[in-house]
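Here is the structure we will look at, set down as structure tokens.
The values are calculated or read from the model by the stated rules, or taken from the named source; none is laboratory data. It should be emphasised that the depicted structure is a prediction, and the values quoted were computed from it without experimental measurement. Here the Cβ positions follow ideal geometry from the backbone for every residue, glycine too, while neighbour counts run over all protein chains shown. These area figures cover heavy atoms from the full protein model, side chains too; ligands, DNA and RNA do not enter into them. Shrake-Rupley method; radii C 1.70, N 1.55, O 1.52, S 1.80 Å.
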Amino acid sequence: VLPGACGDGNSGPDAGPPDANPICLEANEHEDLPWIQENIFTPSCSRFTACHQGRALMAGELSMEVEDTFAQLIDVQSSLFGKDGWVRVVPGDPENSYLMVILGQYPGPISEAGTMPYNSPLLCQEMRDAIERWIEGGAAETPDPPDAGP
């Protein structure tokens, strides 16, 4: 088990109904990494020094700080299950992306630390769905600009 807790039980969203957390409702409208980073990864994963910050030695060496998230997620073997062929994020394939397994969205091998965020309830379904849509849409670093029209 990882030392220290990454969630304090009050800072992250809960798995309750969407009206329990306004960010859960807002998640229904998003599938872009900048929003996911600001509203999910930073507050739930990288805010706590024992987890996904810096070298993140006790967290699968996955930093989820703004400047690191994209490069450390996309097409990178999971250090926990690398020999089993799990990749952190497979663009276009959420079911085979270990991120979705560790978030509790799909079945698969879970580390002894359990689902993420560590020591906290699962992210609300709307947040997990936003991450899934992002992966399914190709897991771009930045969203496509709106079509300017003719």
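Return the residues of the stretch 73-93 that are modelled with pLDDT under 85, open to solvent by 40 Å² or more (accessible area, probe 1.4 Å) and not aliphatic (A, V, I, L, M); say none if nothing qualifies.
Restricting attention to the stretch 73-93, the residues satisfying the condition of being modelled with pLDDT under 85 are 78-85.
Within this subset, residues satisfying the condition of being open to solvent by 40 Å² or more (accessible area, probe 1.4 Å) are 79-80, 83-85.
If the condition is that a residue be modelled with pLDDT under 85, open to solvent by 40 Å² or more (accessible area, probe 1.4 Å) and not aliphatic (A, V, I, L, M), then SER79, LYS83, ASP84, GLY85 are the ones that fit.
Per this entry, GLY137 is counted among residues that are out of contact with any helix residue (DSSP H, G or I) (no Cβ under 8 Å at 6 or more places or on another chain) and either surrounded by 15 or more Cβ atoms within 10 Å (Cβ to Cβ) or modelled with pLDDT under 75 (or both).
Residues in the stretch 91-127 that are assigned to a helix (DSSP H, G or I) and touching a residue at least 12 places away in the same chain (Cβ under 8 Å): PRO94, TYR98, LEU99, MET100, VAL101, ILE102, GLN125, GLU126, MET127.
Considered as a group, the residues in the stretch 73-132 that are of a type in the set (Lys, Arg) and within 15 Å of the chain's Cα centre (by Cα) include one that is farthest from CYS24 (Cα to Cα), and that residue is ARG88.
Applying the set (1) modelled with pLDDT of 90 or more; (2) under 16 Å from PHE41 (Cβ atoms); (3) of a type in the set (Gly, Ala, Ser); (4) not in a helix (DSSP H, G or I) to ALA130 leaves exactly one unmet item: (4).
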